[in-house]
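Encoded as C-alpha cells, the structure appears first; notes follow it.
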Amino acid sequence: MRFQGVVMLAVAMGVATTSGAPTVRAAQEASDRPYLLERIGDAAIVQTYADGFEALTLREKTLIWHLYQAALAGRDIYYDQRYEHNLEMREVLEEIITHPEGVDPATLEAVHSYTKLFWINTGPFNNLTARKFVVETTPSAFRAAIEAAARSGATFPTRDGESVTQMMERMRPLFFDAEFESIVTNKTPAPGDDMLLASANNLYKGVSTADLDGFEEQFPLTSRLVNVNGELVEEVYKIGGKYSDEISEIIRHLEAAIPYASEPMAKALRANIAYYRTGSPVDQRAYDIAWVEDQESSVDTINGFTEVYMDARGAKGAWEALVFYVNPEKTGAIKTLAANAQWFEDRMPWDPKYRKDGVTGITANAIDVVVETGDSGPVTPIGINLPNDQTVREQNGSKSVSLSNVNESYDRSRPGNYRQEFAWTAEEAERSRQWGSLAGEMTTNMHEVIGHASGKLAERLGGSAQPDLKEQYSALEEGRADLIGLYFLADPKLVELGVLPADAHEDIIRAEYESYTRNALLQLRRVREGTQIAEDHMRNRQMIVHWMMANTDAIEKRTRDGKTFYVMVDWRAFRDGVATLLAEVQEIKSEGNYDAARTLFDTYGIHFDPVLRDEVVARVDAIGLASYSGFVQPRLEPVLDSSGAITDVAISYPQDLTAQMLEYSGKVMPGR
C-alpha cells in the first residue's frame with residue numbers, strides 16, 4: 001500500500017509556464033537550486049535530489065547502478081498495462097518532438113505540452129481523475145506535423161501497407177476524442193455499465209465482471225485476463241509469457257546486482273528473479289518473505305507487479321520499480337514508531353477481537369529515492385508499506401518507507417500564499433507554516449508503519465479482505481491507515497517517545513487536523529470535470545472529512561467574501577470522531593462487509609458539488625497552485641577504468657523532463 005501526498009503541489013521562483021498556466025513567483029525555501037522546473041496546465045514538473053548518494057561506498061553505488069538499470073528496463077510494461085495503445089502513441093509523439101523540422105511552431109508547442117502530460121501520467125489519462133485528456137490542436141494540424149516529421153526522417157509505428165496519413169486516421173480517436181475509451185479505471189460506472197468493460201486499461205480484454213463468476217484465477221496478481229472465443233485465458237507475466245522480453249532484461253540487471261548486495265538482500269533478489277520466471281503466487285509469497293526479512297541493508301529496491309489501484313476490481317498488479325537508500329539522519333522517528341507497534345495495536349479504538357496479539361517484524365526507514373518508474377513515477381507516492389499480502393504481514397512482518405527527498409521536493413516548491421487562501425484565520429495559516437511539514441510527516445509515518453500493519457481479519461476471509469470488498473478495498477484500506485495516523489497523532493505517547501515536542505504538541509495536532517480538513521476542499525481542484533472522485537486516496541480523504549462533518553461538531557463549513565472554507569473548530573471532537581469512524585472501518589474490513597463499504601463511500605467519498613469545485617479551481621488558479629506533480633529523477637552514469645570496471649557512479653540532475661523521458665526511450669533532441 002502507498003500514501004499519496006495530502007497536499008501535492010509545487011510552485012517556485014522563475015517558473016516556466018505553458019497552456020495558459022499562471023506565472024507564479026515564490027521563494028524556494030533554504031535553497032537556490034531549482035525544484036519546480038515548469039508548469040504544464042494544472043501539473044507541476046519538479047526535480048528530486050539525492051544528496052546522500054555521493055557519500056555512499058563504491059559497492060553501494062554499483063549496486064544502485066544495476067538496480068537503476070533494472071528499474072528502467074521494465075518501464076514499457078507499465079505503459080502497456082495502463083493502455084494498450086500507449087506505446088504506439090508515445091512513439092508518434094516522441095518522433096514528432098525529435099524531428100521538429102518543418103513542423104508549425106504553434107502545433108509543435110501544443111504537441112510538446114501534451115507529450116509532457118502524457119509522460120507524467122504514463123499515457124493519456126490523468127493520474128488522479130482517471131479521465132482522458134486530448135491534444136490541444138486540430139487533427140489536420142497534427143497530421144501535418146506527422147507528415148513533416150516523416151519527411152525529416154521520423155519513423156512512425158505504421159502497420160503493413162499503411163501510410164503515415166492512414167496511421168493518423170486510425171489513431172485519431174486516441175489523441176482527439178475524449179469520449180473514446182474515456183476512463184482508465186472506472187469503479188463507479190453508469191447504471192447498466194460494467195466496471196471492467198468501462199475501464200480503458202489493459203489488464204483485461206473483452207472481460208466483464210459477470211464473466212468472472214465461477215472462474216478461479218491461478219495468477220490473480222500477475223496476469224492479463226483475456227476472453228478468447230468465450231473462454232477466459234490468463235496471459236501470465238513471466239519469462240516465456242507476457243512481457244517476457246522486458247522481464248528478461250530486468251532479470252539480467254538484477255543478477256548483475258547480486259554480487260554487490262548484502263546476503264539478505266541477495267537472497268531477496270534471487271527470490272525476485274524466481275518470481276519473475278514463473279509469475280506464480282507461491283514464488284510471489286517466497287519473494288515477499290525474503291524481502292521483508294532483509295531488515296538491515298542500506299540499499300533496497302521494489303521491482304515487480306505490486307499495487308492494485310489501477311484494476312477496478314482491485315486484483316491485478318501494476319508494474320513498478322523504485323531504487324533507494326536509507327537516509328540515516330531522518331530515520332530515527334520512523335524506527336521509534338516501528339519499535340512500539342505493539343503498544344499502538346493494543347490501544348486501537350476498535351473491537352479487541354480485531355487487534356493483533358503479536359505485531360511481527362515491522363521495519364521502517366526514511367529513504368532517499370534514486371529512481372521511480374512504472375506505477376511509482378513520474379507521479380510518486382510519499383510513503384510505502386509492503387508487502388500487501390495480509391498473511392505475510394501477520395506472520396513475517398512488513399516494511400515501511402517514507403520518501404524523504406520526495407517530501408522535501410514538495411515542501412521546497414510550495415507557494416507561500418496557498419495557506420492564506422484556504423485558512424480561515426491568520427493563526428491557522430501560521431500553524432500550517434510552522435508545524436505543517438512535521439505534522440504531515442508524522443501522520444504519514446503512522447499511516448505506513450502502524451496503519452497498514454495493524455488489525456486482524458475474521459478467519460473466514462482466509463487472510464485477505466480484497467476478494468470480499470472488491471473495488472472498495474483500496475479506498476477503505478487507505479482510509480483506515482489515514483484514520484490511525486490521525487488518531488494517534490494526538491496521543492501523548494508520541495511526546496513520551498520523543499518524536500514530537502511537548503510544548504508544541506497541541507499546535508501540531510491542530511495543524512494536521514486543520515490541514516486534513518482543508519484538503520477535502522483543496523483536492524477538488526484535481527477533478528476539473530465531472531462530479532465524482534475516482535482515485536482511491538482522494539476518495540478516502542473525502543469520505544473521512546464529510547463523515548466528520550455529518551456526524552460530529554468538529555468541522556464547520558463557512559463562507560466569507562463569496563469563498564467557502566472548511567474549518568476545524570474542535571480538535572478533541574475531531575479525534576473522538578476519528579475513533580468512532582475508525583472502529584466502523586476496521587469492522588468493515590475485518591468482516592469483509594462489501595455493502596457497508598460501498599454505502600460509506602457512496603454517501604461520503606465519491607460525489608461532490610461541481611459549483612463548489614469550480615469555485616476552488618478559480619481560487620487555486622489565481623494563486624498558481626498546481627493540481628499534481630510529476631518528478632524528474634536523478635540520472636546515474638558509471639565511471640569506468642580502461643578494463644571496463646566501475647570505479648565510481650556519477651549522479652546528476654537533468655532538470656529537464658523532455659531530455660530524461662527521451663533518454664529513457666533511447667532518443668535525443670536534435671543538436672544534443
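The values are calculated or read from the model by the stated rules, or taken from the named source; none is laboratory data. What you are looking at is a predicted structure, and each value in this text was computed from that prediction instead of being measured. We place every Cβ from the backbone using ideal geometry, glycine too, and count neighbours over all the protein chains shown. For the accessible areas, the whole protein counts, side chains as well, though only heavy atoms, and no ligand, DNA or RNA atoms are used. Shrake-Rupley method; radii C 1.70, N 1.55, O 1.52, S 1.80 Å.
Give me the three principal axis extents of segment 74-126 from the C-alpha atoms, as integers in angstrom, largest value leading.
34, 19, 15
Between rounded, prolate and oblate, where does segment 448-498 land on the alpha carbon gyration tensor, with a ≥ b ≥ c its root eigenvalues, rounded for a/c under 1.5, else prolate if a/b exceeds b/c?
Cα axes put segment 448-498 in the prolate bin.
Any idea what log10 I(q)/I(0) is at q = 0.16, 0.18 Å⁻¹ for segment 610-672, Debye with uniform C-alpha scatterers and no solvent?
Values returned for q = 0.16, 0.18 Å⁻¹ are -0.75, -0.83.
So what's the net charge close to residue 351: Lys and Arg +1, Asp and Glu -1, counting the other residues with Cβ under 11 Å from its Cβ?
Charge balance near residue 351 sits at 0.
Longest exposed-loop-site-free stretch of the chain, with chymotrypsin sites (Phe, Trp or Tyr not before Pro), DSSP loop and at most 14 other Cβ within 10 Å?
216-672
What does the convex hull of the alpha-carbon atoms of segment 279-365 project to on average, in nm²?
Reported value for the Cα convex hull: 7.9 nm².
Stokes-Einstein D for segment 555-596 at 20 °C, 1.002 mPa s, Kirkwood Rh over Cα pairs, in µm²/s?
After rounding, the answer is 171 µm²/s.
Just round it to a whole percent: the fraction of Cα-Cα distances in segment 400-471 exceeding 22 Å.
Beyond 22 Å sits 48 percent of the P(r) for segment 400-471.
Once you have the Kirkwood Rh of segment 157-272 from its Cα pairs, apply Stokes-Einstein at 4 °C and 1.567 mPa s and quote D in µm²/s.
Rounded, D is 72 µm²/s.
Leaving out ligands, DNA and RNA, what percent of the accessible area of the chain is carbon and sulfur, probe 1.4 Å?
About 47 percent, which is the carbon plus sulfur part of the accessible surface.
What pairs from 187/356; 187/335; 187/589; 316/589; 132/399; 116/335 go past 26 Å between their alpha carbons?
Those over the limit are 187/356; 187/335; 132/399; 116/335.
I need the shape label for segment 431-522. Rule: rounded when a/c is under 1.5, else prolate if a/b > b/c, else oblate, with a, b, c from the alpha carbon gyration tensor.
Note, shape of segment 431-522 comes out oblate.
Please compute the Kirkwood hydrodynamic radius over segment 519-672, one decimal place, Å, based on all pairs of different Cα atoms.
With all distinct Cα pairs of segment 519-672 included, I get 19.7 Å.
When the expected Rg is taken as 2.2 N^0.38 Å, what fraction or multiple of it is the alpha-carbon Rg of segment 113-185?
Taking the Cα Rg and dividing by 2.2 N^0.38 Å, one obtains 1.18.
Report, in deg cm²/dmol and to the nearest 500, the calculated mean residue ellipticity at 222 nm for the chain, where each DSSP H run with n ≥ 4 adds -39500 (n - 2.57) and the sum is divided by the residue count.
Per the formula, -13500 deg cm²/dmol.
Roughly how many Å² of residue 155 are accessible to a 1.4 Å probe, to the nearest 10?
Its accessible surface works out to 90 Å², give or take rounding.
So if I take the alpha carbon set of segment 216-343, get Rg, then get Rh from the Kirkwood formula, what is the Rg over Rh ratio?
1.04
In square angstrom, rounded to the nearest 10, how much accessible surface does residue 595 have for a 1.4 Å probe?
Rounded to the nearest 10, that gives 110 Å².
Whose amide H sits under 5 Å from the amide H of residue 364, counting only residues 5 or more places off or on another chain, with H placed in the peptide plane?
400
On alpha-carbon atoms, Rg over Rh for segment 570-661 using Kirkwood Rh?
Answer for segment 570-661: 1.28.
Using only the alpha carbons of the chain, determine the length spanned along each of the three principal axes and report them from longest to shortest in whole angstroms.
The Cα atoms of the chain stretch 68, 61, 58 Å along the principal axes, largest first.
Take 524, 87 and sort them by solvent-accessible surface of the protein heavy atoms, 1.4 Å probe, largest at the top.
87, 524
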